[in-house]
Every structure is written in structure tokens, then in C-alpha cells.
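Beneath this line is the structure, given in C-alpha cells, with notes to follow.
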Amino acid sequence: MSEKVLMKGNEAIAEAAIMAGCRHYFGYPITPQTEIAAYMAKRMPKIDGVFLQAESEIAAINMVIGVAATGKRVMTSSSSPGISLKSEGLSYLAGCDLPALVVNVQRGGPGLGGIQPSQSDYWQATKASGHGDFRRIVLAPASVQEMVSLTFKGFDLADKYRMTSMLLADGTIGQMMEPVSLDMGEVTQYDKSWALTGTGRQRKPNIVNSLFLKPEELEQTNFERYDRYAQIEKNEVMYEEYMMDDAEYCVVAFGIASRVSKNVINEARKKGIKVGLIRPITLWPFPKDALLKAADKCKAFVSVELSMGQMIDDIELSIRCKKPVLLCNRVGGMIPTPQDVMNAVEEAVKIGG
Amino acid sequence: MVVFKKPDSLTNAELSFCPGCTHGIITRLVAEAIDELGIQGTTIGVAPVGCSVMAYNFFDVDMAQAAHGRAPAVATGIKRSDPNNIVFTYQGDGDLAAIGTAETVHAAARGENITVIFVNNAIYGMTGGQMAPTSLPGMVTQTSPYGRDTEKVGLPVKVCELLSNVDGATYLERVAVNSVPNINKAKKAIYKAFKNQVEGKGFSLVEVLSTCPTNWGLPPAKALEWLGENMIPYYPLGVYKDKYAGEEAAK
């Protein structure tokens, strides 16, 4: 076990990115993730890297596109309203098959919303940021340690599949301090012969492009991309099961909501309620199979979310509405209390019988 | 002996521009400058959205295609990734002076060491002739069918004049391609804009007044005349900023 250091969630993301070989960061100030930019501004000049504060979120994501097109690891970070602005660029990253890491430390919305923690960008992250048919790998850390490991993993998956990874954190984990190990092992190198590095007059030009005016060609690019997505759904699903072996009731939660839920599960077990937790770590690909399997033995599900109920859609789809799914939620920067979750679990017991 | 040939930095792809459009001339001038500076192997271009959207097929260099207006930001990323590469954008008036105004102004403000070729034909060509930020007062377009009403939609954006107040910009020149003498001047300006980058001098932009016979509704020769009679008086040609002019004169 390597030595642990005490780090704030947002700073842990930044340091992990540097360890993963990222030497280009572009961003625009927005609460509650500005520590990432501040950390990068300090560190990058010392390691021959580039930190640039862009004129807008839109410019920042397009600078990311520029570096990604040259085959180097690159990232940006923002919070909810800023991610909305980046949506155009996220679509182009997908259309150009470029790897990049985008961090969203979510805050409450819609509109300017607030600056307190939220998970209300679940739909945006997993389904709806940017036009066109495309997917993005979405990683949901529940601890500062996972801020590190999933940042590292996010870069790796982005390179491996030539697509964007999003780290979908929330303001709580971003601001929290915990001891972490920064030992992530070796960085895997992937072929990037497609990158724009200058032809050196030695090869045909490389072109990074998302425009295909012939419908047959555009269709083919979509088909090829979705073949890759199928591989990801098969190979890259990550989730944690907690006390699920004998569970009759299943709580589903990610990020900060999963930490509240775990404590409640421990308390509920003392009361004799056989309840467990499935914590999706990848929100896309979603752990559909694990949930469907749980639906065979669990009587009811509880989705604990810091939103008006977004992940609950994917739970119901995954279990094909076989069992009731209750929603336990707070929004606007509020976090469900242990009592809120306990009440929902007890309600599930009543409904599930 | 070959006295005239296709520049090495152009591919064999057929240009997609309308007959009589001067985009083809400007594309060629850019390729000639790249050839003459011997930078084909290290040049990376950024194509915009608009008539030159398929510029990535015309230049025999590595190319990226950017979202509408974002070329200077994409170019910033490419340049910052490896400052040894020569990075240029090729953008139209809607792209650079409307939807991409912020990216243009801030790339200049940062003194980003890139080359911007700005083609101003006072109209949105690709989408079929709508009013551009640079459409002249009274100009009839698809979206100003009664002529550009400056009371309601304001006056054209003069990019070189605007950027000449941005301290970070190094070199700004407006040229035209409506006559042989003007094409020769345009060539020199484009060459200089690339040479500045090779020498690490910072942000260079050449605004090229260009024709759009199709959407202006004029035969190509008449379009050239119209440019000379209407656009040049509104958009005077010349050098708007040259940070190193004194230094060069002293040599």
C-alpha cells in the first residue's frame, strides 16, 4: 500500500490528471470546481504543461478539441451551466472521434440554479448533451480516492475507445477532504496514428472531421461508432454491490447519495431489514444486468438521487419495470438525510411486502 | 521548364466553390505561401463552417474541421499542443465576425501565434445568401430582402478596424482579390501573415475582400467590379496594424 496524502476532491482530480499524462488544461471559472483550474494554473507551468483560462466555456472545449486532435491527453472542467455551453463541443468531440476528459462538478439547476451539490445533470451527462447520435463514458466518483482512480481510468478509456469520458462528480465530493493514494500504476499508450502532427511530407494528411455530406458515409460513421459503444457496454461496466447477497430490497445510488445510503443500510440491517446497495460507478454504460439480476430476488427498489428523479428511468428500464421503484430525493443543493432514506426503505418494505 | 504549376500544398481535389468565386484564388495564395516558406510538413489548418468548410480536402496538410466560429479556439489548442507547428484558420465573415467574434477577439488579445485568413464577401454563401455581419448598408440578401436596414440591424462590422484596437494583435491587413495588382498585394500579405508565425511574432490576420457571384446575383466579371466599386470604399484596403513594421524598416 502506497503512502496516503490528504487531498480535497477537486485538487485530487487535477493531480490525477497530471499523473495520467495530461499536460493541457483549458477552463473557465465557475463554482464549485474552480480549485481544479487553480491547481492546474499552479502546477502546469512547473511541468512544462499548458494551463489556459479561456474566454468562455465554448472556447475552452474547442481548445480541448484542438489538443485532442493532436493526440495528446487533454481535459477541461466545469459545473452544470458551463457544461451546457460545452455541449456543442461535446458533440463535435464525438463526431470527430477524439479522446478527452471532461469534468462536471454538478450544482443545482436549472438556469443559474445554485452553487450547492446536485446530481441533476444525470440526463445531460448520460443522454442529452449535444446533438446527434452519440454516447459518452460517464464515471461517478463517490470518494476522493475515486476522484483519483476514475480520472485516471477516464483518460485510459477515452484513449482506448477514441471518445470523451466525463467525470460526473458533485459539489460535496469536490469540496471534501480525504486521504488518498496517488499510486495508479503505469499509463497505457494507445496508437494515435490518426493525430494531427504535421505530415512532415512523409505521409498523407490526417483529417479530423465530423462532416460527411453523403448520407451513406455518415450512416457508416454512426454504425462504426455504435459498434465501439457495444464493446464498451460489454466490457467496461463498473458498479459496487454492498450487502446484496441476501438483499430483499435494493437501494440504487451513486456519488454522495450512495454514501448516505450505505449508512442507512447498516442501520436498517440492525432493524432486520434485508436491504443492499447497487452503486453504479459507470452511469454509461449503466449496470443494467446487475439490476435485472437483482430484480429477480428483490421485492422493491429505492433510487436515492439529488435530482427530481433522473436515474430512476434507467433503473426502471433495466429491471423492465418488474418491481416497484421508489424515489428518495432532495434537490436545489439539498442532500437526502439518513432519515429520508430510512423512510424510503421502510416504505419499500411496506409496498414490497 | 515549368513556369506555372499547382502548389505542392494543394491536393488534386476539385474545389467545391461556385464558378467565378474568388475563394479559389485565395485558397491558392495560401498554398503558395506555405510552399514558399517550406512549411508544408509542419502546417496544420483549421477549416470553418461556411463555403470553405471542405478546405480539409483542398490543402495537402493535416487539417481539422471546426464548429461554426470556433476555428481560432481549435487552432489555439493545436498550436499550444506543439508550438513548432504552423497553424492557420481559413474563415468566412459569418464564421469569424458573427458567431465566432469572441473566439476571434480573444485569440488576438492573447497574441496567439497563429495565422487567420478571413474571407469577407459580405454574405453567407453556403446557406444561400443571407445577410452577414459585413453586408453593406442597403445590400439585398435573402434575410434583408428590402436591403440592409441599418436603423433596425445596425452597421457592418469592420474586423481590421476592430482588431487594430486589440493590443495583442501583431499584424492586420485588408486586401482584395478583384484585380491582378490587388491579388499580388494579397499574396504578399498572406505570405507575411505566415512568415510572422514562423518567426514567432504572434497573431496575424489578413482580411481578403472576395466575391460571391452566385448570391450577389452577378456574373463573375460584374461581381469583381461590384467589389471594387462598393466594398473597397466601405472597407478600405491597407495595413491596419504591424507591430514589427519599424523594426523591419530599420533592417
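Derivation of every value follows stated rules applied to the coordinates shown; laboratory data play no part. Fair warning: this is a prediction, and the values are worked out from it, not measured in the lab. Reconstructed Cβ throughout: ideal geometry from the backbone, glycine too, with neighbour counts over all protein chains shown.
Structure summary
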{"item": "For the stretch A:102-120 and the stretch B:1-63, distance of Cα centres in Å", "result": "45"}
{"item": "Cα→Cβ-extended label distance, 7 Å offset, between A:Asp245 and B:Ala221, nm", "result": "9.2"}
{"item": "Loop-located GluC sites (Glu not before Pro) in the stretch B:1-87 whose Cβ has at most 15 other Cβ within 10 Å (DSSP)", "result": "B:Glu14"}
{"item": "A:Ser193/A:Met308 FRET efficiency (R0 45 Å; Cβ-Cβ; nearest 0.05)", "result": "0.50"}
{"item": "Scattering profile of the stretch B:1-68 at q = 0.28 Å⁻¹ [log10 I(q)/I(0), Debye over alpha-carbon scatterers]", "result": "-1.38"}
{"item": "Test item: A:192-204 mean partner chain Cβ contacts at 10 Å", "result": "5"}
{"item": "Share of Cα-Cα pairs in the stretch A:240-352 lying beyond 20 Å, as whole percent", "result": "29"}
{"item": "Hz values of 3J(HN,Hα) by residue in the stretch A:162-177 - Karplus curve (6.51, -1.76, 1.60), Gly and Pro given as x", "result": "6, 7, 7, 9, 10, 8, 9, 9, 9, x, 5, 5, x, 8, 6, 10"}
{"item": "Loop GluC sites (Glu not before Pro), the stretch A:1-75, which have at most 14 other Cβ atoms in a 10 Å radius of their Cβ (DSSP)", "result": "A:Glu3"}
{"item": "Cysteines (scope chain A) whose Cβ has no counterpart Cys Cβ under 4.7 Å", "result": "A:Cys22, A:Cys96, A:Cys321, A:Cys328"}
{"item": "Radius 9 Å from Cβ of A:Arg23, net charge of other residues (Lys, Arg +1; Asp, Glu -1)", "result": "+1"}
{"item": "Under 5 Å, built H, 5+ apart or other chain: amide partners of B:Phe59", "result": "B:Thr11"}
{"item": "Dimensionless Rg/Rh of chain A - Kirkwood Rh, Rg from C-alpha atoms", "result": "0.99"}
{"item": "Spatial separation of Cα centroids for the stretch B:224-240 and the stretch B:162-190, in angstrom", "result": "12"}
{"item": "The stretch A:157-263: GluC sites (Glu not before Pro) falling in loop per DSSP and having at most 10 other Cβ within 10 Å", "result": "A:Glu186"}
{"item": "Rg/Rh (Cα only; Kirkwood hydrodynamic radius) as it applies to the stretch B:23-241", "result": "0.95"}
{"item": "Beta bridges by DSSP in the stretch B:23-241, antiparallel share as percent, to the nearest 5", "result": "20"}
{"item": "DSSP-defined beta bridges in chain A - what % are antiparallel, rounded to 5", "result": "25"}
{"item": "34 Å tail of the calculated P(r), the protein assembly as shown, as % of Cα pairs", "result": "47"}
{"item": "Shielding of B:106-117 by partner chains, average beta-carbon count, 10 Å", "result": "1"}
{"item": "Average partner coverage of A:236-245, which counts Cβ from other chains inside 10 Å", "result": "0"}
{"item": "The stretch A:114-126 - phi-based ³J(HN,Hα) in whole Hz, Karplus 6.51/-1.76/1.60, Gly and Pro as x", "result": "x, 10, 8, x, 7, 10, 7, 9, 4, 4, 4, 5, 8"}
{"item": "Rounded to 5, the percent of DSSP beta bridges in the stretch B:50-160 classed as antiparallel", "result": "40"}
